[in-house]
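Derivation of every value follows stated rules applied to the coordinates shown; laboratory data play no part. If you're wondering where the values come from, they're calculated on a predicted model, not measured in any experiment. Cβ sites come from the backbone with ideal geometry, for glycine too, and all protein chains shown count toward neighbours.
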Amino acid sequence: MSDISDTMLSDEFLKTAAARYDEDAHERFLAWRAVILAGKGQSDRDRIHRANQFINRNVDYSTDGRHWRKEDYWATPIESLGSGYGDCEDYAIAKYFTLRAMGVADEKLRLMYVRALKVDEPHMVLIYFENPEDMPYVLDNLDPEIKSASRRSDLRPIYSFNASGLWMAKANGLGRKVNDGKGITAWTAVLEKIEQGK
């Protein structure tokens with residue numbers, strides 16, 4: 001992951017990415033790099049607040065059908081910040097990579113597929129574990145306040161994953177690891193696009 005983070009923060013990479021988008025996107029990329037660099041010297045608690053706030057404020061919600069003209073598309077952080085739009089997966093992915101670039105350990109982060117009960121729809125959030133046995137905190141675009149999963153009765157967890165694997169959910173995000181995560185095709189595609197500089 002450190003190689004990907006270093007690549008995403010390089011002047012050459014950001015210049016190339018900005019050339020694909022407009023001047024507003026270039027400003028978002030520069031602000032994103034500044035947020036990441038500032039986060040490197042902060043506590044994890046400060047990092048999760050900074051990343052959650054930055055992505056929520058710089059990516060406007062749009063469905064995949066309206067924005068990407070596809071039924072389901074998982075964007076990289078560059079695509080989300082470049083276009084300025086994304087859906088719930090894109091918010092969670094952008095927060096995940098922002099926090100990884102800041103230095104938050106992979107084992108503390110998982111993307112979690114949930115059911116948003118208030119709207120009765122599938123949804124994705126990022127969860128953060130201060131300690132492996134603790135209840136995770138939820139970083140969400142629907143509710144910008146970071147809360148313990150125990151305070152998010154509006155979400156029913158289904159499964160979670162990160163670069164290390166896949167877990168079936170129980171007890172608000174703590175669960176049994178079921179495989180190495182290679183079965184998550186859209187996630188694998190995002191990792192490959194990032195490695196290719198997209």
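Sites listed here are trypsin sites (Lys or Arg not before Pro) in the stretch 85-168 whose DSSP assignment is loop and whose Cβ has at most 13 other Cβ atoms within 10 Å: Lys118. With neighbour counts taken as other beta-carbon atoms within 10 Å, the residues Leu14, Leu99, Leu111 rank, fewest first, as Leu14, Leu111, Leu99.
Each semi-axis of the equivalent ellipsoid for the stretch 45-170 is √(5λ) with λ an eigenvalue of the Cα gyration tensor; in descending order they amount to 21, 17, 13 Å.
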